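Since the structure comes first, as structure tokens, the remarks are kept for the end.
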Amino acid sequence: MFFKKKTAVYQSSDEDDFNLAKSLLEKEQIRYYEYAAEEMPVAGCGARIHPARLNKQINLMTFRLSVASENIERAILALQGKVRFVLSSSSD
């Protein structure tokens, strides 16, 4: 999957939903690439100061799953209706 074009089919900030989406793709034997990163701060200039972050009220992590181009439809069908935030036409 290193040199194949990958398309994002799932994106969320809910880690439990993300783990469910991964298990659904594994059950269907669809290979995926996972990406998890923290969102950029809203304060700008790399200050990393977000008002809600001071009290740990929000989760700024974003989780994304991408699949190879030939598996897009299979992945969307496997995820649709079972997890939230299924993307239908987003490219990496």
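Throughout, read-outs are computed from the coordinates displayed, never taken from laboratory work. As the structure is a computational prediction, the values presented were derived from the model and not from experiment. Cβ coordinates were reconstructed from backbone atoms using ideal geometry, including for glycine residues, and neighbour counts include every protein chain displayed.
Here the simple spin-label model places points 7 Å from the Cα toward Cβ, and for Glu28 and Glu70 these points are separated by 1.6 nm.
Spin-label model, Leu77 to Asn19: label points 7 Å out along the Cα-to-beta-carbon direction sit 2.9 nm apart.
Karplus-derived 3J(HN,Hα) values for the stretch 21-38, using 6.51 cos²θ - 1.76 cosθ + 1.60 with θ = phi - 60°, are 4, 4, 5, 5, 5, 5, 4, 7, 6, 9, 6, 9, 10, 9, 9, 9, 8, 7 Hz; glycine and proline are entered as x.
Cβ-to-Cβ counts within 10 Å put Tyr10, Tyr33 in ascending order as Tyr33, Tyr10, the fewest first. Residues Lys6, Lys27 in ascending order of nearby Cβ atoms (within 10 Å, fewest first): Lys27, Lys6.
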